[in-house]
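The values are calculated or read from the model by the stated rules, or taken from the named source; none is laboratory data. Bear in mind the structure is a predicted one, so any value in this text is a computation, not a measurement. Here the Cβ positions follow ideal geometry from the backbone for every residue, glycine too, while neighbour counts run over all protein chains shown. In case anyone asks, the SASA skips ligands and DNA or RNA and just uses the protein heavy atoms, side chains included. Shrake-Rupley method; radii C 1.70, N 1.55, O 1.52, S 1.80 Å.
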Amino acid sequence: MDTLAQAGPAPETILVRSHRIACDGVGGALGHPRVWLEMGAAGFVDCPYCDRRFVATTAVGDENEILAPGVYEGAGGH
């Protein structure tokens with residue numbers, strides 16, 4: 001069985017304005033440990049726990065963000 005053929009789109013795509021974000025799966029009992037993720041040159045990164053995909057809408061270094069629940073952007077968190 002080809003597992004790549006079974007792969008679908010990410011469960012949720014979140015647009016962010018920072019290339020360094022953290023995800024905790026929306027927190028609470030249904031969340032997961034907070035992990036910091038770096039996008040690098042790709043412009044997107046997938047959370048290894050909940051598979052949410054974070055897509056940068058700006059260039060590297062723009063830290064003026066509108067936060068989604070469970071998303072912490074930039075060097076200072078939220």
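When residue 66 is tested against (1) open to solvent by 60 Å² or more (accessible area, probe 1.4 Å); (2) at pLDDT 60 or above; (3) of a type in the set (A, V, I, L, M, F, W, C), just one condition goes unmet, and that condition is (2). Number of residues in region 22-63 that are open to solvent by 60 Å² or more (accessible area, probe 1.4 Å), closer than 15 Å to residue 11 by Cβ and at pLDDT below 85: the value is 2.
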